[in-house]
1. Inspect all residues belonging to the range A:228-248 and state whether any of them is touching an Asp or Glu at 6+ places or on another chain (Cβ under 7 Å) and modelled with pLDDT of 80 or more.
2. Keeping to the range A:177-208, report how many residues are among the aliphatic types (A, V, I, L, M) and in a loop (DSSP other than H, G, I, E, B).
3. Is it fair to say A:Thr344 is in the same structural domain as A:Lys225 (by TED's automatic domain parsing) and over 17 Å from A:Val198 (Cβ atoms)?
4. List, please: which pairs have Cβ atoms under 7 Å, are six or more places apart or on different chains, and start with a residue in the range B:159-186 that is within 16 Å of A:Glu58 (Cα to Cα) and end with one that is of a type in the set (Asp, Glu)?
5. With respect to the numbered conditions (1) within 19 Å of A:Gln715 (Cα to Cα); (2) exposed (fewer than 15 other Cβ atoms within 10 Å of the Cβ), which one is the sole condition not fulfilled by A:Leu662?
6. Given the range A:1-120, what helices (runs of 4 or more DSSP H) lie entirely inside it while holding 3 or more residues that are away from every other protein chain (no Cβ under 11 Å) and modelled with pLDDT of 75 or more?
7. Take the residues in the range A:296-343 that are within 14 Å of chain B (Cβ to nearest Cβ) and among the aliphatic types (A, V, I, L, M); name whichever of them is farthest from A:Gly389 (Cα to Cα).
8. Within the range B:145-168, how many residues turn out to be crowded, with 22+ Cβ neighbours inside 10 Å and away from every other protein chain (no Cβ under 11 Å)?
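The values are calculated or read from the model by the stated rules, or taken from the named source; none is laboratory data. None of the values given here were measured: they were computed from a predicted structure. Every residue, glycine among them, receives a Cβ derived from its backbone with ideal geometry; neighbour counts consider all protein chains shown.
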Amino acid sequence: MNPESQLEAAVCFVAANVQDPALRTQFLEQACAGDAQLRAAVEELLLAHGDAEKFFAEGRAAVNAPDLDTQAAASIQEATGEIQQDDLTDEQIGSRIGRYTLLQRIGEGGCGTVYLAEQAEPVRRQVALKVIKLGMDTKNVIARFEAERQALAMMDHPNIARVLDAGATETGRPFFVMELVRGTRITKYCDENHLDTVQRLELFIQVCHAIQHAHQKGVIHRDIKPSNILVTLHDGAPVPKVIDFGIAKATEGRLTNNTLFTACEQFVGTPAYMSPEQAEITGLDIDTRSDIYSLGVLLYELLTGRTPFDTNVLMQAGLDEMRRTLREKEPQMPSTMITSLRRTELTLTASQRHAEPPKLISQLKGDLDWIVMKALEKDRNRRYDTANGLAMDIQRYLDSEPVVARPPSRLYRLQKLVRRNNIVFAAGGAVALALVIGLGLSTWLFFREREAREREAQLRAEAEDRAKITQAVMFVSQGKYDDADETLKQLKAVPSNPTLDGVSAFRSVGEWMAIHGRWQQAAERYSALIKIDKLDNVKQIALDYEACGVVLAESQDHEAYADFWRMAVTNCSTAQIETILITCLELPVSQPQMAALKPLADHQESNSVPRAKSRVSEWAMMPVAAWKYRCGDYDAAMEWSQRALELKSKFPACDADAYLILAMADYQRGHNGEALAELAQGRQSVETRFRAGLDHGKAEASYWFDWVFARRLLQEASALIDGDSAQPTPE
Amino acid sequence: MSNITLVLESVGRGERKPTEELFPLVYQELRRMAAARMAGEAAGHTLQPTALVHEAWLQLVGDGEQTWQNRRHFFGAAAEAMRRILILNARRKSALKRGGGQSRVNIEDLEITAATPDEHILLIDEALQWLEAEDPETARMVLLKFFGGLTNEEVAENLGVSLRTVNRQWLYAKLKLFRWIRDQNK
């Protein structure tokens, strides 16, 4: 753009935004002072401003809803002379994947294709099979696909379509198999069967329970709408089933912090059911309460037959306007919406609900209005905290009990009013006080409500924590350990009942941090890990204890180390003695600590005496050697370390430990020559390992924490021996 | 798909001319996705240019590891591809409505105020071609904004200019384009 045009553009922009004609003229006079040509050009352009805006708005509407049809698609193909190849390369109908025969293609998502498939054995049945789309099988997508399948597999609820099986095709593309739900979408089912309001609410409560279950497993649906909730008949009773569970979550890059992707996923979704925070372009911060909003929209539609905002209107308005509507515009209350319908529509809507119009309106007015509006709050902090909270309130309505949702209190409305009219209320403190007293809240009601709210808050915190853990698992699977660390750090509490995956996320992050020498972060993750570690087998837990001890010793957090030490000794089970004992002997121990360890050490010693037939491993002997050394029983320490070395069992870190303990014991006994030689052996082994760089390690080659442990011993031995005998050894 | 990733990677390393190579690949993918959408239900609701383009980006390059530079090129190519798809569609339908046989709509036949949605698109496309010769910079902004469906913020990021510049330029561009269309149809 040349400078003249730039000036023109700037003047046009300001002038176009000045509504008042007199002001506008005044502005133009000043801005174009002396430049008649500029003024004429601008005025000429602005003349058509309204028409131009309208023309482009219509154009945008055409782009937004281009009304493409299949013929148009054909014409596009013709025009470009290309043939679509997808169907040739994707799975063929009639072909088999594992024990499933593909019968029909029934849907397609971002990265996966869903087929109707038949399973032959062990039972003959039809299932839905989702396979990752050709070309989408990149490592990251597969990892997400897999993480989502695991999340789905964790869910076990009668109102959620189940995951039955998973595997990979011959070409290695992952797939999973879901329960095939044949049903009618919930709104259609209700209308066709003329369910009355109470029956609709009862169905809806079941949907809430399904969503609550998912939230507790850390899964957010994000696309709750009638077509994703199908009603099937089970022994004649309608059962709603939630399908398509966050599948997009696995396949679209929702967990990346790139707003473009969020923008993508949102606007592929269904605007009418989208929460204000989902509609935000920066909507990364989506939590379970977004689903509460969508549930609110669903409830609204079940009750009134319409969504709070009309889909077509939202779509026509364009993205910015849609966002603004969702963010700012208050929807009509259900009863108001019904009342505003035209007569014929009202009669139809009421008859579909098995009621006369006046009855329907009076049913909705009051409690149901407020329940719906609470779920639809723009500010998610004001919504129900959990799906259960919403369900409970509806149940209270059905039981004719007072509901939690209520019209905004007079105090709340007053606050809003004050905020709007700051000046008028500047001296209105006395008025507010009078109103507060006037509210006359019953103390009993207040406490009851608070209790319910606290419980809700707790459930929500738990659900959010689970969501975070799921997210951390995915970050780990993508190798994003810093992100995973950040996510785990945000947890409100130590998870009480995590999954194996969740537990391993803590371990993986801790390990990664340790290998990279970030001891403080490693210590935090491992400390949390051992607090929750009760799912894996006892051997694994013992190893976690060892890693944790090693990491805490490196982090130099003496208080945390002491706490850990106490906990390790107290919780130690028989099968863990070997590992816990040596872990607790890494650093010199105090007298009381010796006393606490003695029973463990005695047990280990009696078990480590070689007997006929049973072989004792080198790792079983090392704790005894270390114990003897810490006790000051240097002869015994030497004896046990030598015995361990004689096994030649090729645990390099263990050998290093043995040499170092031997060196220290020899030194204490005055065998300086031997001590120096053994120290050199130990040092060489440790330094070689660290020079090669620390990695995860294997049991045979010794884990990373075994090496960090050995290095700590080396430091101790080196300080003792080199530090004391400062004179250089004569060659 | 891997083709696109390769091209994008080389763009990232500054090796090749991006748009020319990227465009046909992106175009093919968008066309495929658009056709798939049209075959499904409620096509009008889901064929949002922004959504399609973003989804295509996601599908093609997967994770957020691509550089911003790549995204910039990608969205240019995608908006151009979107424009072609829409134009083809609009031309065909417009031609059908006018008795068929005509492969292209002559914009002089159109009454500007009574233009159908498809004709809107065609008129704006023609005007944009004119603007591309006049002021390529502004034309690119119109392309991203109108056919690419990006928000003003996204356009600003894409072009590396301030949001205020985009606001100003967009309003001005609309006025100029509209005037051109009107003058052509006098």
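1. Within the range A:228-248, one or more residues are touching an Asp or Glu at 6+ places or on another chain (Cβ under 7 Å) and modelled with pLDDT of 80 or more.
2. 3
3. On the way: in the same structural domain as A:Lys225 (by TED's automatic domain parsing): yes; over 17 Å from A:Val198 (Cβ atoms): yes.
When the stated conditions are applied, A:Thr344 passes them.
4. B:Lys174/A:Glu53; B:Phe178/A:Asp51
5. (2)
6. Those helices (runs of 4 or more DSSP H) span A:21-31, A:36-47.
7. Out of the qualifying residues, it is A:Ala317.
8. Qualifying residue count for the region: 1.
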